[in-house]
Amino acid sequence: MSPAHTTPTPADPEAWNAYLAEGNAKQARKRVAADVLLRDADGQVLLVNPTYKPGWDLPGGMVEANEPRRTQRAANWPRNSG
């Protein structure tokens, strides 16, 4: 049985940058991301706390090749909102 893989954190900048570089190398050369700004009736903004990076962010994600932005937002919203 192989040891469990742990994801580096920004606390170790060298390991974190290597982790990000490895992930970026697996992506298509031209990348597009889309975020969604959702507000309730009181004007509060929905934020998500992603597990793959530190800090809070708007829900969204990477757009697949030839995928319309509207489709991408709809596909990523449930996945990134928990």
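Only residues in the range 16-35 that are closer than 24 Å to E67 by Cα and part of a helix (DSSP H, G or I) count as the first member; pair them with residues that are among the aromatic types (F, W, Y) and modelled with pLDDT of 80 or more, Cβ under 9 angstrom, at least 6 apart or cross-chain, and list the lot.
Cβ pairs passing all conditions: G23/Y52.
Among the residues of the range 27-34, is any surrounded by 10 or more Cβ atoms within 10 Å (Cβ to Cβ), modelled with pLDDT of 85 or more and touching a helix residue (DSSP H, G or I) at 6+ places or on another chain (Cβ under 9 Å)?
No, every residue in the range 27-34 fails to be surrounded by 10 or more Cβ atoms within 10 Å (Cβ to Cβ), modelled with pLDDT of 85 or more and touching a helix residue (DSSP H, G or I) at 6+ places or on another chain (Cβ under 9 Å).
If only one of V48, V32 is in contact with a Leu (Cβ under 9 Å, 6 or more places away or on another chain) and among the β-branched types (V, I, T), which one is it?
Answer to the selection: V48.
Which count do you get for residues in the range 54-65 that are open to solvent by 70 Å² or more (accessible area, probe 1.4 Å) and either at positive phi or under 9 Å from the mean Cα position of the chain (by Cα) (or both)?
1
The values are calculated or read from the model by the stated rules, or taken from the named source; none is laboratory data. All figures in this text were calculated on a predicted structure; none of them were measured in a lab. Because the Cβ atoms are built from the backbone with ideal geometry, glycine has one as well, and the counts that use them run over all protein chains shown. Just the protein is used for accessible areas: all its heavy atoms, side chains included, with ligands, DNA and RNA removed. Shrake-Rupley method; radii C 1.70, N 1.55, O 1.52, S 1.80 Å.
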